[in-house]
Every structure is written in C-alpha cells, then in structure tokens.
Amino acid sequence: MSRLPVMLASGQLLTAESWAPQRAAWADRDVRHADHTRDDTIAGMADRLLAAAPPRFALVAHAMGGFVAMEVMRRAAPRVARLALVATLASADGPAQTARRQGYIDLVTAGRFDQVIEERIPMLFPSDRRDDPVLLGAARRMAANTGADTFLRQQRAIMGRIDSRPSLGRITVPALLIRGTGDGITTAEQQADMLAAILGARLETLPGVGHLPMLEAPAATTAILTRWIDEAEA
C-alpha cells in the first residue's frame, strides 16, 4: 500500500527549516512544503497549497499555516485525509492582536524589520529557552530568509482572515491538535474550544514547550505526528 503523502503548512516568518526534524524522519515519504510567500490573503495561500499538493494527503499545519489549513478544509475537504493543527487557533484577531501586528508593520516601515523577530521571541519561546543559541539562531535565520516584503504580505493575510470557528464543526476527517504549555501566542482555552468543535479531535499537550514544538521538542512532536499519520495506514 502506498504511503499517505504529507503537506506541511508553516507559520509566519518560518520556512521549511521549521520542519527539518520531521522531514528527516519522513525521508521515505512524499512530503511537500506549502509556499506562503507570494500571497497576501489566506484564500490565496490555500489555493496555492492545493495546486501544489497531491490529490489526497495529510495536512500538517502550524500557526498561520493552520489558518490556511482551515481554509483548505472549507474549499477542498475531500482531498484531506487527516488534519493536524500545531500551535494554532481558529478565531480572528481581536483589537489587541491587530494593534500588535500594526506595531510590527510600523517597525518594517521604519526600516527595522530585524527587530520584528526580537519582539516575537518572548512569545515564541518559554523563558528558559530564550537564550538557546540553536533555537534563536533558527528563528532569526528563518525570519531573515522570509524577508520584509513577504512578512508584510503574511501580516495582511493574517489580519484579514475570517473567524474559522463557525466552520470547525464541518471538519469530519481525523484531526489532531498539538500545543506546548509554554506557548505565548495560543492559549489552552482556544485549544479546548477547537477540541470541542471538531468532532473526534484529539489534543496532545507538550509540557514546557513554546510556540515551535517541531524544533523545541522534535523527538516528541515527530513521534506524535508519525503515529497519527500511520493510523491511516494501519
């Protein structure tokens, strides 16, 4: 039996590097990474993902990639065999989030794009990991490789996204949620709401892990995702 292909959807200011441990573990599988660099709407990102994806696939999405994944489910649910949402949420931005994002845009407009990732580090990583040279190096490198222009497109897409909570109940494929308890961007309450809304969804919580479990806890995250994908092939 052929193995289920995997489509990866990354978060803002992240590249395929954010999935490096998982891609290495899945070297014998068809794994593709969605391009979130060219569109300034979540709908556009979803269409580009679907154009690049196999006919049927497991969709593994992180943060902003989760917003794209929920749009994919609204547009082409039959193509998705399994759905994993990592460190993401379903609601649209509130006033506080919009104000924070406008602050990032102001930094870029003032020519200080390099400060954006520094502003985000306390939200990305728990306090005991904020001096980790490997994690910080990866976050800064991916931000630099993303660049200011792409970041602004991603910001516009995120700020203009719809509230996905009303459509969660229409998701019928096996769904997995993953969140670290040290995530400074998503909350346990948001995960509980998603868990309740998606029929049969499962939540895996990683103690002490922040917003980037793929890199912060690569072995645990890879094991969870691998078991979940393999369930479709048993």
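Across the accessible surface of the chain, with the other protein chains kept in place and a 1.4 Å probe, carbon and sulfur atoms take up 54 percent.
For 101, 32, the ranking by accessible surface with the largest value first comes to 32, 101, using a 1.4 Å probe. Counting only protein heavy atoms and using a 1.4 Å probe, the accessible area of residue 128 comes to about 120 Å². Once R0 is set to 45 Å, what does the formula 1/(1 + (r/R0)^6) return for the Cβ-Cβ distance between residue 40 and residue 223, expressed as a FRET efficiency to the nearest 0.05? About 0.80, to the nearest 0.05. From the Kirkwood radius over Cα pairs of the stretch 9-96, Stokes-Einstein at 37 °C and 0.692 mPa s returns a whole-number translational diffusion coefficient of 246 µm²/s.
Shape analysis of the chain yields a ratio of the Cα radius of gyration to the Kirkwood radius, Rg/Rh, of 0.93. A helix-only calculation puts the chain at -14000 deg cm²/dmol for mean residue ellipticity at 222 nm, using -39500 (n - 2.57) for each DSSP H run of at least four residues, averaged over all residues.
When only the Cβ of Lys, Arg, Asp and Glu is charged (+1, +1, -1, -1), the dipole of the stretch 1-135 relative to its Cα centre reaches about 640 debye. When the Cα positions of 196, 103, 54 are compared along the charge dipole of the chain, 54 comes out farthest toward the positive end, with charges on each C-beta of Lys, Arg, Asp and Glu. Dipole check for the stretch 107-234: with +1 at the C-beta of Lys and Arg, -1 at the C-beta of Asp and Glu, and the Cα centre as origin, the magnitude is about 380 Debye.
The values are calculated or read from the model by the stated rules, or taken from the named source; none is laboratory data. Just so we're clear, the structure is a prediction, and the values are computed from it rather than from any experiment. When we count neighbours, we look across all protein chains shown, and the Cβ atoms used for this are built from the backbone with ideal geometry, even at glycine. Side chains included, ligands, DNA and RNA excluded: accessible areas come from the protein's heavy atoms. Shrake-Rupley method; radii C 1.70, N 1.55, O 1.52, S 1.80 Å.
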